[in-house]
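Since the structure comes first, as structure tokens, the remarks are kept for the end.
All of the numbers you see were taken from the coordinates with simple rules; none came from a lab. Please read all numbers here as calculations on a predicted model, not as lab measurements. Cβ placement follows ideal geometry from the backbone for every residue including glycine, while neighbour counts extend to all protein chains displayed.
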Amino acid sequence: MWFLGPIHFFSTLGRNLLKKVSLETTNSHLSHILLGLISLQVNRAQMNRLARAMFALVLLRYVFSASTTRGVLTGSEVINTRTIVKRSLGKVFTVDGQECKFPFRYAGMVHHQCLPTHSSRFWCSTTSNFDRDRKWAFCVSEELGTSAADPCQDHPCANGGLCTSDPRRGAFVCHCPEPFTGNLCSQEKCYEESHRKHYDLGESWGRIHMRGVEQCTCEGGQAVCERARYTACDRNPCQNEGTCRSLTSTGEVVCACRAGLGGGHCSINLEERCYEGNGVDYRGTARTTLSGAHCLPWSSELLHTELSLTNAETAALLANVESTMELGLGDHAFCRNPDGDTMPWCYTLKNTAISWEYCDIPSCRLPGTDTRLVMPTVQPTTTTQTQPSRPPTCGTRHMKRSARPRILGGHAALPGAHPWMAAIFIGESFCAGTLIASCWVLSAAHCFSGNPLASQVRVILGQHRFNDTGPNTKSHRIEKYIFYDKYSVYNPTVHDIVLVKLKKEKGKCAKMTQFVRPICLPGEDMSFPDYHCCDITGWGHMYEKANAYADQLMEGVVYIVPFEQCSRPNMYGTEVTPTMLCAGHWCVDACQGDSGGPLACSRNGVYFLYGIVSWGDGCGRSRKPGVYTRVTKYVNWIQKVTKSKP
């Protein structure tokens, strides 16, 4: 019956089409047939019969109208038949029948297709956030080849939607800007003025309107509202003296806000056009960054360890405030400053990676003057965060995400999260390094064992994407590099440390910014206990046999392995000396290309360079942690060299 069903279905359609000769009806049935063809599994003989039936229907269609080139599904969006075929391939299933959730977050990046493993199998996340949920399965094997045309070349997404494709499957996904939705971004969401929020088709919400409480549903791009029963709220979450009501049917809390305020909890200042100070109290509606990118909602499913609505309590601790309401975060995409940065900012989706940028909002004080722009009369009642009068000059960084315990196969870092990171290009080779002062970078000596000319070395500070100079990066030439006195190229793992001096430009070396900042050097007697967690970062290979560097800076957390354990015969034995230390975490490890990078350990929120990535047995092998140069053994030498006058 399974194989007879499709033939009977198309035969019936053919008879119906002969009875109805209107162009609209013919196009409608033709579109349904196309959808049926691509969704049914048939053998070659059946496909031939179906193809003959299709040819007859196509011919019939052009008999009635030679000028029509598009098929219309009654009551649906207008799309060409080629796009229908591609859309049908959009859903991908796993071997156990679950649907792959595209796009999904993995390792701090956003993916729109199944990802390869070290074997030939592909996998996907079954939720929108693998980093958070850790739910996955292998994808059903597809034999579509790798030479399929790019399905996005016809620009199928309407209204400025971003098309991302998987040519291997001939599929694409449209990412719709507000207020559009649907597979092709051709439908509109409903906008609730009082909440300053768009609701998707089928979503429901409560509101207080014209002094009455209503329950609304988004239907066809229009809000359909009706009066609802309500009770007084047990607890009033409405801010800034807002009035609270609770819907009897759902228990949803709705707020009526004072004039000039809005949002679900009256936390948004509709009249605020600029920010005071560093903008920690900004509650306006700006949602665009300096580069023109749109902000992600603070409640986005793609956020995980970031300072988002789902982990607002952690964000409150980092910001040193008593209540999460003081951060200004909510179910919105407006710019805020929850971590006390220099100005309001937001998270963005940039090149498939979760990133962040400062927002396009003017300061209320004109540059270089004490003149103050006119501010609105209505101000939200919030508490101003206090900032330290003299923050440390080294070892501090953005706290826009808590680190994750991975680097091999790693987790994408946020821009500015490791401002001391240096990319060192030595001829055709590459190593990492760490900025310790304006003119000095520390790295691994074995990176320079070929004695390259100083003119062949280039140091990039502020780099985030590999070999990509953005607005926060600066390229530096070097004046010289200095090996430790006892270093020998014939024993390159011992005393594997080198100082690189940057060449001054106009009397200065590195300019300090939030994306370029030195790490602190530890004291000679400073130590971190065994199993203490430290950060590692790098652009190195994602796994042992990889032939390319990571696209952007990766980060992870490893713990310090006891020296006695690392020097056991079954680990590294006598190859590990007291001038070295080991760190790792199961399969977590630094890899080729990470050489010279930092092992950064924190104390009281300040980071110290405790180790330099030196060597190891492969990448992430069992019982083979990474080996690092122990910086405390060389502090006196570093200070002597960097402070000596030429």
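General remarks:
- Amide H to amide H, with H built 1.01 Å from N, GLY284 comes under 5 Å of ASN269, counting only residues 5 or more places away or on other chains.
- When the pairs LYS508/LYS640; LYS350/LYS501; LYS480/LYS506; LYS350/LYS474; LYS474/LYS506; LYS480/LYS640 are compared against a 26 Å limit on Cα-Cα distance, LYS350/LYS501 fall above it.
- Restricting the stretch 470-501 to trypsin sites (Lys or Arg not before Pro) in coil, as DSSP defines it, with at most 15 other Cβ within 10 Å: LYS486
- The peptide list 442-454, 248-260, put in order of mean Cβ contacts within 10 Å with the highest first, becomes 442-454, 248-260.
- For SER449, the amide hydrogen comes within under 5 Å of no other amide hydrogen, counting only partners 5 or more places away or on other chains and with H modelled in the peptide plane.
- Most to least packed among 429-441, 487-499 [average Cβ atoms within 10 Å]: 429-441, 487-499
- Estimated FRET transfer efficiency when R0 is 30 angstrom, pair LEU201-ARG273 (beta carbons, to 0.05): 0.40
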